Amino acid sequence: MPKFVHHIFVCTNQRPPENPCGCCDPEGLGNLQLQFKKELAARGLKANIRANRAGCLDQCEHGPTVVVYPEGVWYGGVRRDDVIEIIESHIVQGKPVERLLLADECINNLHCEHKAPKISE
């Protein structure tokens, strides 16, 4: 079996609705990841492209979050309606979907302007 060309990691982390950080998969059904799998299969790409569920990708304030490797392209605010565009543009044509890209200065940055303030205990 050949190596996968791309891995698509889809955050399926859950948090209570009152958590200020947000939640990538509030229903806990993994529907976004399943939509990626469905669309990849429909295009005959599932042998070379893998869409995996991921635990917390630590970008909750940008969720639902998706990251595509090996490029390390991060997407935020991804909806089921965006899946076809990501597959067609990024996976097939090699052009990341600009409107969904997370800013480099926000990824893994404690001072990102989108971070929710810490809850005091």
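How big, in percent, is the set of alpha carbon pairs in the stretch 28-91 lying more than 17 Å apart?
36
So what is the 222 nm mean residue ellipticity for the chain from helices alone, if each DSSP H run of at least 4 adds -39500 (n - 2.57) and you divide by all residues, rounding to the nearest 500 deg cm²/dmol?
Per the formula, -3000 deg cm²/dmol.
Can you count the Lys pairs in the chain whose Cα atoms are under 29 Å apart, with each pair 8 or more apart or on different chains?
10
Measure out, as a whole number of angstrom, how far apart the alpha-carbon centroids of the stretch 89-116 and the stretch 11-88 sit.
Centre-to-centre (Cα) distance: 13 Å.
What is the helix-to-structure angle for 31-42, meaning the angle in degrees between its Cα long axis and the longest Cα principal axis of the chain, kept from 0 to 90 and rounded to the nearest 10?
10
Loop-only check: which trypsin sites (Lys or Arg not before Pro) in the stretch 1-109 are DSSP coil with at most 16 other Cβ within 10 angstrom?
Those that pass, being in a loop and sparsely packed, are K3, R43, K46, R79.
Consider all pairwise Cα distances in the stretch 1-117 and report the whole-number % of them above 18 Å.
So the portion of pairs separated by more than 18 Å is 48 percent.
Using Cα pairs under 8 angstrom and six or more residues apart, how large is the relative contact order of the stretch 1-42, in percent?
It comes to 30 percent, rounded to a whole number.
Any read-out appearing in this document is the output of simple, stated calculations on the displayed coordinates, not a laboratory observation. Everything numeric in this text was worked out from a predicted model, so none of it was measured. Positions of Cβ are generated from backbone atoms using ideal geometry, with glycine treated the same way; all protein chains shown enter the neighbour counts.
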